[in-house]
């Protein structure tokens, strides 16, 4: 016999979370962020279920973003052609080179992307908004901004979606560490 579980709580357990306070963001196309606690769930715009370890006493509460890794993937697919190698273009794949080049350029852009702000709601949004009709935006765009600015704004948007969930959990009274552990393909 083999036991299984829901992906995000299983990823949280695999990251070593067995006590309150620690939390994990599973980053792929979308993001699921969660933490373990013993207190009864608090209505906070998040979802709770028994944890995969000690389900009688531990609760897994989570939220997430509908787009996480999908944001940089969309960018590379739509705007990153010059960062792709000839081999990648002819094979119609994006590969790690395009991401590495864009991340290197984005690292040179100051935090805040020189006033460029993106909301990453490209496929609606999960918690704590819970709006399938939410739409992404890019605001503050000027002729000064480059691909690097746009790419960094997308990465910052995903980071702030994670922060929005974290702040929602804290506002509900959960005690969460300042450090979050990232797992999954987009965490590379």
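The values are calculated or read from the model by the stated rules, or taken from the named source; none is laboratory data. Quantities reported herein were computed from a predicted structural model and do not represent experimental measurements. Using ideal geometry, Cβ is built from the backbone for each residue, glycine included, and neighbour counts are taken over all protein chains shown.
Screening 34, 28 for residues that are assigned by TED's automatic domain parsing to the domain that holds residue 174, modelled with pLDDT of 90 or more and in contact with a strand residue (DSSP E or B) (Cβ under 7 Å, 6 or more places away or on another chain) leaves exactly one candidate, 34. Only one of the numbered conditions (1) outside the structural domain of residue 47 (by TED's automatic domain parsing); (2) touching a strand residue (DSSP E or B) at 6+ places or on another chain (Cβ under 7 Å) is violated by residue 122, and that is (2). Can you go through 68, 134 and tell me which one is touching a helix residue (DSSP H, G or I) at 6+ places or on another chain (Cβ under 8 Å), assigned to a loop (DSSP other than H, G, I, E, B) and at pLDDT 90 or above? Being touching a helix residue (DSSP H, G or I) at 6+ places or on another chain (Cβ under 8 Å), assigned to a loop (DSSP other than H, G, I, E, B) and at pLDDT 90 or above holds for just one of 68, 134, which is 68.
Going by what's in this entry, would residue 110 be described as in a loop (DSSP other than H, G, I, E, B) and in contact (Cβ under 8 Å) with a residue 40 or more places away in the chain? No: the conditions fail for residue 110. Taking the criterion of being crowded, with 16+ Cβ neighbours inside 10 Å and on the phi < 0 side of the Ramachandran plot, the residues of the range 30-48 that qualify are 30, 31, 32, 33, 34, 35, 36, 37, 44, 46, 47, 48.
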